[in-house]
Amino acid sequence: QVQLVESGGGLVQAGDSLRLSCAASGRTFSSYAMGWFRQGPGKEREFVAAINWSGGSTGYAGSVKDRFTISRDNAKNTVYLQMNSLKPEDTAVYYCAARYGSMNREASTYGYWGQGTQVTVSS
């Protein structure tokens, strides 16, 4: 079992930045690919970013590429999502997720999830 706890969400205005953190415990963190997903009002949960076990490979949704950066610090068992140039369309609950094996974009393939953290971007 892997436990994930997100933090760092909040209320910001358009153009601001936030850094989300996801602290993992319970298993060997470096064995897992990690992902960030989000669910906005009235929308399905969607892929945001993912990172492989070593941090050497990353992937992003087109809507956040060049604005968001995913990273991980295996020594601290933590994955981050740096969000810059935030837009109102980024408003959502952001979830950290983990899966054993390769990273991918499909939420259904991630077996472990955090509780979510709210990000609200005002205009």
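Just so it is clear, none of the values below were taken in a lab; they were calculated from the coordinates. The structure displayed is predicted, hence computed values, not measured ones. Counting neighbours? That spans all protein chains shown, and the Cβs are built from the backbone with ideal geometry, glycine included.
Numbers for the structure displayed
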| item | result |
| --- | --- |
| Estimated vicinal HN-Hα couplings, Hz - the stretch 75-90 in sequence order (Karplus 6.51, -1.76, 1.60; Gly, Pro = x) | 5, 9, 6, 9, 10, 10, 10, 8, 10, 10, 6, 5, 10, x, 5, 7 |
| Most to least packed among 2-13, 69-80 [average Cβ atoms within 10 Å] | 69-80, 2-13 |
| Cut-off 14 Å between beta-carbons: net charge of the residues surrounding residue 70, Lys and Arg +1, Asp and Glu -1 | +3 |
| Convex hull volume per residue for the chain, taking Cα atoms only, in Å³ | 89 |
| FRET efficiency estimate (nearest 0.05) - Cβ-Cβ, residue 46 to residue 14, R0 22 angstrom | 0.65 |
| Within the stretch 30-48, backbone nitrogen closer than 18 Å to the virtual label 7 Å beyond the Cα of residue 67 toward Cβ | 36-48 |
| Zone residues, the stretch 19-54, relative to residue 118, backbone N less than 15 Å from point 7 Å out along Cα-to-Cβ | 39-42 |
| Amide H contacts under 5 Å for residue 91, placed H, 5+ residues apart | 121 |
| Per-residue ³J(HN,Hα) for the stretch 37-52, Karplus 6.51 cos²θ - 1.76 cosθ + 1.60, θ = phi - 60°, Hz, x for Gly and Pro | 10, 9, 9, x, x, x, 10, 6, 5, 10, 5, 10, 7, 8, 8, 7 |
| Mean shadow area of the stretch 63-113, taken as a quarter of the surface of its Cα convex hull (nm²) | 4.4 |
